[in-house]
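Structure, as structure tokens:
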Amino acid sequence: MKCYYDLYTRPADRDALIELLESAKRLGYCLLGVEYEGDWKEAKSISQEIGIRIVRVVILEGESRSEVARSLSGKPRNALFFVKATNQDVARYSSANKKFAGFLAVPGQERLIDRSTKTLFHERGWGIVLVTLNRLLSERKSRRTWRYYYLALRRAYAYRIDLALVSAARTDSDLWHPLSAIGVGELFGVPAEYTASWLTSHPARIVSILTR
């Protein structure tokens, strides 16, 4: 049985966390990345009782390298840090600096998933791009939304860049069944067996490297 990873969820409180963990386990996930403002020791204890592993995730924002660096102040050290890549400067910074696991791709910046990102990840030994699936749950999907997924997924596949499809779930209803998530990759022309790596081996590799 495959072990699936959803590397970015964001429950608002303890109840939402419990519901997310219970639902994720039923769907076949063995690990969730969790951005959580509550008591982390309690969150770890809850996850152990439910039988699903969690890792702490922090998404940082900034329009420049210096802003991103300052945003690290006061953040927990035992976390995977990702930068919201709103421009090329912060994307390159997060791809080269070993303080960061990688970046969160946002609509309009799909072309940052490119050969330079591949090279920077390779030079430092790791790195991953997060692509959130939550935009596909909205009733209205613009041409920009479809372009985001098409270019992000096709470029990651073409350049063989490590990528994680993530739900960014706030509640259990926002979670994706792993097979449905794999179907998103197929929709945009990525083979199912390769898309599956975006929920298995790719996120597993970054977790293994950065949580030793």
Quiz prompt | Residues of the range 151-173 classified as farther than 21 Å from R205 by Cβ, open to solvent by 50 Å² or more (accessible area, probe 1.4 Å) and either in contact with an Asp or Glu (Cβ under 7 Å, 6 or more places away or on another chain) or free of Cβ contacts under 8 Å to residues at least 12 places away in the same chain (or both), total | solution = 3
Quiz item: What are the residues in the range 35-47 that are touching a strand residue (DSSP E or B) at 6+ places or on another chain (Cβ under 9 Å) and either among the charged types (D, E, K, R) or more than 27 Å from K84 (Cα to Cα) (or both), if any?
Solution: E35, K44, I46
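Can you tell me which residue in the range 134-150 is surrounded by the fewest Cβ atoms within 10 Å (Cβ to Cβ), limited to those that are under 20 Å from R111 (Cβ atoms) and of a type outside the set (F, W, Y)? Please lay out each step first, then the result.
Taking the range 134-150 as the starting set, the residues that turn out to be under 20 Å from R111 (Cβ atoms) are 135, 142-150.
Among the residues that remain, those that are also of a type outside the set (F, W, Y) are: 135, 142-145, 147.
On the way: R135: 16, S142: 11, R143: 7, R144: 10, T145: 14, R147: 13.
Restricting to residues being under 20 Å from R111 (Cβ atoms) and of a type outside the set (F, W, Y), the top hit is R143.
For every residue, the table says whether it meets (1) open to solvent by less than 50 Å² (accessible area, probe 1.4 Å); (2) under 20 Å from H177 (Cα atoms).
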{"site": "L21", "(1), (2)": "yes, yes"}
{"site": "S47", "(1), (2)": "yes, yes"}
{"site": "A69", "(1), (2)": "yes, no"}
{"site": "D89", "(1), (2)": "no, no"}
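From the residues in the range 187-197 that are open to solvent by less than 10 Å² (accessible area, probe 1.4 Å) and under 10 Å from L153 (Cα atoms), which one is nearest to the chain's Cα centre (by Cα)? Lay out the reasoning, then the answer.
Initial filter on the range 187-197 (open to solvent by less than 10 Å² (accessible area, probe 1.4 Å)): 190, 195-196.
Now drop any that are not under 10 Å from L153 (Cα atoms), which leaves 190, 195.
Working: V190: 18, T195: 14 Å.
It comes out as T195.
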Quiz item: When F188 is evaluated against the numbered criteria (1) free of Cβ contacts under 8 Å to residues at least 60 places away in the same chain; (2) closer than 17 Å to D6 by Cα, which criterion, by number, is the only one it fails?
Solution: (2)
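From W126, W176, grab the single residue that is open to solvent by 20 Å² or more (accessible area, probe 1.4 Å), touching a Ser or Thr at 6+ places or on another chain (Cβ under 7 Å), in contact (Cβ under 8 Å) with a residue 60 or more places away in the chain and under 25 Å from L31 (Cα atoms). Don't jump to the end; show me each part of the working.
Details: W126 fails: touching a Ser or Thr at 6+ places or on another chain (Cβ under 7 Å).
Answer to the check: W176.
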Quiz item: If you scan the range 116-138, which residues turn out to be closer than 14 Å to A96 by Cβ and charged (D, E, K, R)?
Solution: K118, E123, R124
Quiz item: Under the condition of being assigned to a loop (DSSP other than H, G, I, E, B) and over 17 Å from the mean Cα position of the chain (by Cα), which residue from the range 1-27 is modelled with the highest pLDDT?
Solution: D13
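The values are calculated or read from the model by the stated rules, or taken from the named source; none is laboratory data. Computed from a predicted model, the values in this text were never measured in an experiment. Note that each Cβ is placed from the backbone with ideal geometry, even for glycine, and that neighbours are counted across all protein chains shown. Each accessible area value is taken on the protein alone, full model and side chains, heavy atoms only, with ligands, DNA and RNA left out. Shrake-Rupley method; radii C 1.70, N 1.55, O 1.52, S 1.80 Å.
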